[in-house]
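Engineer: Right, I'll just put the structure down here and ask away after.
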Amino acid sequence: MGPLAGIKVIDMTTVLMGPYATQMLGDYGADVIKVESPEGDVTRLIGPTRHPGMGPVYLNTNRSKRSICLDLKKPAGHEAVLRLIENADVLVYNVRPQAMARLELGYDVVSKINPRLIYAGVFGFGQDGPYAAKPAYDDLIQGGAGLAHLMAVAGDGTPRYVPNALVDRIVGLTAVGAICASLVHRDRTGRGQRLDIPMFETMASFVMGDHMGGLTYEPPLDKGGYARHLSRDRRPYKTADGYICVIVYNDKQWNAFFDGAGREDLRHDPRFATFAGRAANIDVVYAELARIFLTRTTAEWTELLTKADVPVMPMHDLTSILDDRHLVATDFFHVVDHPTEGPIRSMRVSANWSETRAEPARLAPRLNEHGEAILREAGFSSDAIAAMVRDGVTTPSPAKKD
């Protein structure tokens, strides 16, 4: 029984940001009902698949959920989702609020049938500014929040996006925290509420928390930017036979590094000797480290730095990380048998609880896999469900696999 056992979540999200958040709620024990259109979440189509509609992006962001498909533009579909919402604790959506209003599923509507509902929207922009109705995607927000610029400053001058749906996942995590906090508030007061978790504002805070710098002050003391993060040589270091990830940060670590690397000369260099000196000369410091690490192999440096208690990690690629000895020992990547997809690699829940263990309740469902059962729970009869299938409001639940 996870920490959110007994909480029912209506998941009206697609793609990545919302599904990532609701998967986490499901992993934590909530009963998450994923409401999809008859066509299904588009991420079902991304990447290599064994069977249509069960792509890897979908599989890795939709476990611990049950699936029902409903055409919300049809009156019977709208009625069905309202029935689901009536007894839910949380509703999560990631279209623009204007779209929810057009579907007659705005907070003004649903809060009347369920005043205890936590109504959480994850979308592009705060609703009190001129961007309120604009569409947003991860790439756009990376650029708007300054990440692409920072990649240019720290790299070869070319703006680039981080090769990861960083915004979607950070905003999704932010949504989980906001939802859980709202559930605590509801337990204290009995009242639900509307939550807006905007991508742009969330990421502006996330990025500028590091890089506000002298812009924190009025008038500004500089043009902003955290010099260590922006140093051209802040990257994995090339060794004699590969690469290694190292950070030598505090004075104790630097003294241990001087000893192990045999660089007594640097111990007395004012640019290296103190934290303030290193911060003021970070480009020189990192460039010198880059030269030093070329002198030995990755294995030699790993052994030396580990003994010196200097932080060091291997630089993994997408396949070598699967064999990382720590992740192997903790069974982080483990192969499970999916009912329809066969053996797939799953990732464990990263957080641990001493009392309420959290783990995936089920693997990612096929489209409408639980539709009939969910409708029955909401009070629909067999005849009513058959009529909904006949009228295209939903689809037949897929046949069970042997």
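The values are calculated or read from the model by the stated rules, or taken from the named source; none is laboratory data. What you see is a predicted model; the values in this text were computed from it and never measured. FYI the Cβ positions are ideal-geometry reconstructions off the backbone, even for glycines, and counts take in every protein chain you see.
Engineer: All but one of (1) closer than 17 Å to Ile247 by Cβ; (2) touching a helix residue (DSSP H, G or I) at 6+ places or on another chain (Cβ under 9 Å); (3) without any contact (Cβ under 8 Å) to a residue 60 or more places away in the chain hold for Thr298, so report the exception by its number.
Structural biologist: Here Thr298 meets the rest and fails (2).
Engineer: Any chance region 214-221 includes a residue that's at pLDDT 95 or above and surrounded by 13 or more Cβ atoms within 10 Å (Cβ to Cβ)? Reasoning before the result, please.
Structural biologist: Taking region 214-221 and keeping what is at pLDDT 95 or above, we get 214-221.
Still in the running and surrounded by 13 or more Cβ atoms within 10 Å (Cβ to Cβ): 215.
The answer is yes, given that some residue of region 214-221 is at pLDDT 95 or above and surrounded by 13 or more Cβ atoms within 10 Å (Cβ to Cβ).
Engineer: Related question: Determine, yes or no, whether Pro48 is surrounded by 23 or more Cβ atoms within 10 Å (Cβ to Cβ) and either touching a Leu at 6+ places or on another chain (Cβ under 9 Å) or not charged (D, E, K, R) (or both). Quick ask: steps written out before the conclusion?
Structural biologist: Details: surrounded by 23 or more Cβ atoms within 10 Å (Cβ to Cβ): no; either touching a Leu at 6+ places or on another chain (Cβ under 9 Å) or not charged (D, E, K, R) (or both): yes.
The answer is no for Pro48.
Engineer: Of all residues in region 51-86 being closer than 17 Å to Val9 by Cβ and of a type in the set (D, E, K, R), which is surrounded by the fewest Cβ atoms within 10 Å (Cβ to Cβ)?
Structural biologist: Per the stated criteria, the residue is Glu86.
Engineer: Show me the helices (runs of 4 or more DSSP H) entirely contained within region 92-155 in which 2 or more residues are among the β-branched types (Val, Ile, Thr).
Structural biologist: Working: elements: 97-102, 107-113, 138-144, 147-154.
Ranges flagged: 107-113.
Engineer: Now a separate question. Identify the residue in region 159-206 that is β-branched (Val, Ile, Thr) and surrounded by fewer than 18 Cβ atoms within 10 Å (Cβ to Cβ) and, among all such residues, is nearest to Ala120 (Cα to Cα).
Structural biologist: Residues of region 159-206 β-branched (Val, Ile, Thr): 162, 167, 170-171, 174, 176, 179, 184, 189, 197, 202.
Okay, now just the ones that are also surrounded by fewer than 18 Cβ atoms within 10 Å (Cβ to Cβ), so 162, 184, 189.
On the way: Val162: 27, Val184: 15, Thr189: 18 Å.
Once the filter is applied, the top-ranked residue is Val184.
Engineer: Let me ask another. With respect to the numbered conditions (1) touching a residue at least 40 places away in the same chain (Cβ under 8 Å); (2) surrounded by 13 or more Cβ atoms within 10 Å (Cβ to Cβ); (3) in the same structural domain as Gly55 (by TED's automatic domain parsing), which one is the sole condition not fulfilled by Thr395?
Structural biologist: In the conditions (1) touching a residue at least 40 places away in the same chain (Cβ under 8 Å); (2) surrounded by 13 or more Cβ atoms within 10 Å (Cβ to Cβ); (3) in the same structural domain as Gly55 (by TED's automatic domain parsing), Thr395 misses (3) alone.
Engineer: Scan Ala21, Ala88, Ala76 and give me the residue that is modelled with pLDDT of 95 or more, part of a helix (DSSP H, G or I) and closer than 30 Å to Trp353 by Cβ.
Structural biologist: Values: Ala88 fails: part of a helix (DSSP H, G or I); Ala76 fails: closer than 30 Å to Trp353 by Cβ.
Just one listed residue meets the conditions, Ala21.
Engineer: Which residue pairs have Cβ atoms under 8 Å apart, sit 6 or more places apart or on different chains, and have a first residue in region 376-387 that is more than 17 Å from Asp71 (Cα to Cα) and a second that is assigned to a loop (DSSP other than H, G, I, E, B) and acidic (Asp, Glu)?
Structural biologist: That search, which allows pairs on different chains as well, returns nothing.
Engineer: So Met313 passes all but one of these: (1) touching a residue at least 40 places away in the same chain (Cβ under 8 Å); (2) in contact with a helix residue (DSSP H, G or I) (Cβ under 6 Å, 6 or more places away or on another chain). Which condition number does it fail?
Structural biologist: (2)
Engineer: Among what's in region 293-305 and is among the β-branched types (Val, Ile, Thr) and over 31 Å from the mean Cα position of the chain (by Cα), pick the residue that is surrounded by the most Cβ atoms within 10 Å (Cβ to Cβ).
Structural biologist: Quick first cut of region 293-305, residues among the β-branched types (Val, Ile, Thr) only: 295, 297-298, 302.
Going one step further and asking which of them are over 31 Å from the mean Cα position of the chain (by Cα), we end up with 295, 297-298.
On the way: Thr295: 12, Thr297: 13, Thr298: 19.
Among those that are among the β-branched types (Val, Ile, Thr) and over 31 Å from the mean Cα position of the chain (by Cα), it is Thr298.
Engineer: Suppose the filter is among the hydrophobic types (A, V, I, L, M, F, W, C), more than 24 Å from the chain's Cα centre (by Cα) and more than 28 Å from Arg390 (Cβ to Cβ); does Ala101 pass it?
Structural biologist: Values: among the hydrophobic types (A, V, I, L, M, F, W, C): yes; more than 24 Å from the chain's Cα centre (by Cα): yes; more than 28 Å from Arg390 (Cβ to Cβ): yes.
It is true that Ala101 is among the hydrophobic types (A, V, I, L, M, F, W, C), more than 24 Å from the chain's Cα centre (by Cα) and more than 28 Å from Arg390 (Cβ to Cβ).
Engineer: Right, something else. Return yes when Glu341 is in the same structural domain as Asn87 (by TED's automatic domain parsing) and surrounded by 13 or more Cβ atoms within 10 Å (Cβ to Cβ) and no when it is not.
Structural biologist: no
Engineer: Any residue in region 356-372 that is free of Cβ contacts under 8 Å to residues at least 40 places away in the same chain, part of a loop (DSSP other than H, G, I, E, B) and surrounded by fewer than 18 Cβ atoms within 10 Å (Cβ to Cβ)? First the steps, then the outcome.
Structural biologist: At the first step, the residues of region 356-372 found to be free of Cβ contacts under 8 Å to residues at least 40 places away in the same chain are 372.
From what's left, part of a loop (DSSP other than H, G, I, E, B): none.
No, region 356-372 contains no residue that is free of Cβ contacts under 8 Å to residues at least 40 places away in the same chain, part of a loop (DSSP other than H, G, I, E, B) and surrounded by fewer than 18 Cβ atoms within 10 Å (Cβ to Cβ).
Engineer: Met1 passes all but one of (1) surrounded by fewer than 22 Cβ atoms within 10 Å (Cβ to Cβ); (2) assigned to a loop (DSSP other than H, G, I, E, B); (3) at pLDDT 95 or above; which number fails?
Structural biologist: If we test Met1 against (1) surrounded by fewer than 22 Cβ atoms within 10 Å (Cβ to Cβ); (2) assigned to a loop (DSSP other than H, G, I, E, B); (3) at pLDDT 95 or above, just (3) comes out false.
Engineer: Here's a follow-up. Output the residues belonging to region 272-294 that are out of contact with any helix residue (DSSP H, G or I) (no Cβ under 9 Å at 6 or more places or on another chain) and of a type outside the set (A, V, I, L, M, F, W, C).
Structural biologist: Selection gives Arg291 alone.
Engineer: Another question about this same structure. Considering each residue of region 319-355, count those that are part of a strand (DSSP E or B) and out of contact with any Ser or Thr (no Cβ under 9 Å at 6 or more places or on another chain), and give that number. Can you show your working first?
Structural biologist: Step one: filter region 319-355 for residues part of a strand (DSSP E or B), giving 333-338, 342-347.
Subsequent filtering for residues that are out of contact with any Ser or Thr (no Cβ under 9 Å at 6 or more places or on another chain) retains 337, 342-347.
So the count comes out to 7.
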